[in-house]
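Heads up: the structure comes next, in structure tokens.
The values are calculated or read from the model by the stated rules, or taken from the named source; none is laboratory data. Because the structure is a prediction, the values reported are computed rather than measured. When we count neighbours, we look across all protein chains shown, and the Cβ atoms used for this are built from the backbone with ideal geometry, even at glycine.
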Amino acid sequence: MRDHIDLILGQWRQALPELDTSPVEIIGRVSRLAQLLHEQIEPVFSEYGLSGGEYDVLAALRRAGPPFRLTPSILSQSLIVTSGGMTKRLKALEEAGLVRRVPSPTDRRSNRVQLTSRGRKLVESVVSAHVANEERLLMGLDERQRHNLAALLRRYLIALGDVTRQPRERATSTTSSHPRGDRPS
């Protein structure tokens with residue numbers, strides 16, 4: 001069986017036979033996979049009235065543990081989103097009553113973002129549906145294949161510089177815990 005990337009590779013072999021297209025076998029497939037997964041994952045968030053980015057914020061706050069509160073800068077750093085992008089997400093979530101801004105207990109100049117009880121209930125429902133969808137998307141792989149693929153992807157991400165870093169706040173403020181990444185299952 002052939003995939004879409006096999007078609008592209010065949011076309012390049014005919015058009016430029018001297019070109020080494022072996023990187024396309026991996027990078028092209030990872031890119032294609034990201035596109036196909038996005039198409040299968042986003043509808044789950046839409047069913048709950050969220051975008052994937054909004055889900056990411058709610059999930060990061062939920063993973064932070066009680067009191068489900070982080071600074072906007074911690075959220076931006078951990079989700080790899082610009083401050084402008086984070087402001088847009090937070091505004092939408094606040095308008096929906098899913099998060100609220102609360103004053104920092106240690107720095108009067110800053111606020112924290114906190115899940116509301118409604119936001120917590122929603123994200124707990126969404127994460128269950130999201131993980132079930134991810135399980136469905138992995139049905140074509142057995143347990144050993146999943147483990148091997150996860151290990152290879154982790155190794156590749158680390159090679160590209162994606163290592164675990166704890167987001168840090170200014171020295172004058174504290175948080176009890178930090179999220180560790182984007183949309184973990």
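Would you check which residues across region 96-110 are at pLDDT 90 or above and farther than 18 Å from S51 by Cβ and list them? Result: R100, R101, V102. When restricted to residues that are without any contact (Cβ under 8 Å) to a residue 24 or more places away in the chain and in a helix (DSSP H, G or I), region 1-14 contains 9.
Among the residues of region 34-78, those that are buried (at least 18 other Cβ atoms within 10 Å of the Cβ), assigned to a helix (DSSP H, G or I) and hydroxyl-bearing (S, T, Y) comprise Y55, S76, S78. In this structure, R89 does not qualify as assigned to a helix (DSSP H, G or I), out of contact with any strand residue (DSSP E or B) (no Cβ under 7 Å at 6 or more places or on another chain) and within 15 Å of A64 (Cβ to Cβ). Within region 99-117, the residues that satisfy the criterion of being within 12 Å of R69 (Cα to Cα) and in contact (Cβ under 8 Å) with a residue 40 or more places away in the chain are V99, S104, N111, R112, V113, Q114, L115. As a summary of the residue check, P17 satisfies the conditions (1) part of a helix (DSSP H, G or I); (2) at pLDDT 95 or above; (3) more than 16 Å from R120 (Cα to Cα); (4) not acidic (D, E) except for the one numbered (1).
Candidates are the residues of region 148-185 that are hydroxyl-bearing (S, T, Y) and either within 16 Å of the chain's Cα centre (by Cα) or closer than 24 Å to A64 by Cα (or both); the one that is modelled with the highest pLDDT is T164. Taking the conditions exactly as written (β-branched (V, I, T) and modelled with pLDDT of 95 or more), does V81 satisfy them or not? Taking the combined requirement at face value, the residue does not satisfy it.
In region 96-114 there is no residue matching the filter, namely being buried (at least 16 other Cβ atoms within 10 Å of the Cβ), in a helix (DSSP H, G or I) and touching a strand residue (DSSP E or B) at 6+ places or on another chain (Cβ under 8 Å).
Kindly evaluate Q145 against the criterion of being at pLDDT 95 or above and either touching a Gly at 6+ places or on another chain (Cβ under 7 Å) or outside any helix (DSSP H, G or I) (or both).
no
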